[in-house]
Amino acid sequence: MPIKITDLNYVYSKGTPFQKAALKNVNLEIADGEFWGVIGHTGSGKSTLFSHLNALTRIQSGKIEIDEFTLIGNGGKKPKRKHRPDYKALRARVGMVFQYPEYQLFAETVADDVAFGAKNIGVKGDELNERVKSAIEMVGLDYNEVSSRSPFDLSGGQKRRVALAGVLAMHPKILVLDEPTAGLDPRGKREILDLITKIKETLCPTVIMISHNMDEVARYCDKIAVMAGGELKLVSTPAELFSQTELLRDLHIEMPGVTALACELNSLGLNVSRSVLTEAQLVEEILRAKGVTE
């Protein structure tokens, strides 16, 4: 079990009139090789929860176990040296890609930007050069064409790929993505998500995607964690979650577009399943309901 979160709590501005509980007694286990979606309204605690995984946010109360790493609450203070995990190794294991990562590019060339994180964890020489080249090519860019260019001369979509390559060059086994398709057009969204699926198959077996897009989590994720008011309200498969109309209403969660259309067709008398998640599944259900066979 690569990730186990136990009784995790976090309070912003603790001890002040502005204090706010961001996480309340969260318990969650994520198995190796799973693709998780994390949903919930703005302020529900999604990003705060997963910024704990590589100690970007220090634990105040609770415990997180990630393979051989253990993070224990210490009031948010820096732990004593003898209790301190190897943060460089942890951050190499858990790669974080923030929302609009292209705004965090800074180096003179694409190659230098992609190399930054790997250098910080001690990779150098030929291995560093090979990781940079491999990561750039993995995100679908031509190394010879872009490596010596300024990242600021690239398109928005290319910049996002460069930012992702910088994380991949550290060879993480767990990849956390915060709204990876924000601001992209439909084609760009599909390309990035297909790329993430490829990365999962080849480099990062465990992927956690924070998203407001129900169509994306329904199509790509194995499991979904629902956050609300700092609490983990529910863990479910996409099919189970999006087939429960009343529960979705209570949690103020929208259905994926395809599922909503299936429910509408059902209400109009066409006996199609309410748990379809993709266009292909909906077409198959319509043909079945109409008695059309191949």
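Scan Val132, Val139 and give me the residue that is within 18 Å of the chain's Cα centre (by Cα) and either outside the structural domain of Thr206 (by TED's automatic domain parsing) or farther than 30 Å from Ile59 by Cα (or both). Talk me through it step by step, then tell me what you get.
Numbers: Val132 fails: within 18 Å of the chain's Cα centre (by Cα).
Sole residue among the options that is within 18 Å of the chain's Cα centre (by Cα) and either outside the structural domain of Thr206 (by TED's automatic domain parsing) or farther than 30 Å from Ile59 by Cα (or both): Val139.
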message: Criterion first (crowded, with 18+ Cβ neighbours inside 10 Å and either among the hydrophobic types (A, V, I, L, M, F, W, C) or modelled with pLDDT of 95 or more (or both)) does Lys173 satisfy it?
response: no
message: Checking the condition farther than 25 Å from Asn9 by Cα, of a type in the set (A, V, I, L, M, F, W, C), surrounded by fewer than 16 Cβ atoms within 10 Å (Cβ to Cβ) and in contact with a Lys or Arg (Cβ under 9 Å, 6 or more places away or on another chain), which residue from Leu270, Leu277 passes?
response: Leu270
query: Under the condition of being in contact with a helix residue (DSSP H, G or I) (Cβ under 9 Å, 6 or more places away or on another chain) and farther than 23 Å from Glu29 by Cβ, which residue from the range 195-215 is surrounded by the fewest Cβ atoms within 10 Å (Cβ to Cβ)?
result: Thr202
message: It is to be established whether one or more residues within the range 50-61 are of a type in the set (D, E, K, R) and in contact (Cβ under 8 Å) with a residue 40 or more places away in the chain.
response: no
task: Give the residue that is surrounded by the fewest Cβ atoms within 10 Å (Cβ to Cβ), with candidates limited to residues of the range 100-158 that are part of a loop (DSSP other than H, G, I, E, B) and on the phi > 0 side of the Ramachandran plot.
output: Gly122
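Can you pull out every residue in the range 237-266 that is of a type in the set (Asp, Glu), under 22 Å from Ser44 (Cβ atoms) and exposed (fewer than 14 other Cβ atoms within 10 Å of the Cβ)?
Hits for the range 237-266 are Glu246, Asp250.
Would you check if Ser134 is at pLDDT 95 or above and over 20 Å from Ile199 (Cβ atoms)? Talk me through it step by step, then tell me what you get.
On the way: at pLDDT 95 or above: yes; over 20 Å from Ile199 (Cβ atoms): no.
The answer is no for Ser134.
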query: Can you name the residue in the range 1-20 that is among the hydroxyl-bearing types (Ser, Thr, Tyr) and at pLDDT below 95 and, of all such residues, is farthest from Gly33 (Cα to Cα)?
result: Thr16
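The values are calculated or read from the model by the stated rules, or taken from the named source; none is laboratory data. The shown structure was predicted, so the numbers you read here are calculated from the model rather than taken from an experiment. Backbone-built Cβ (ideal geometry, glycine too); neighbour counts: all protein chains shown.
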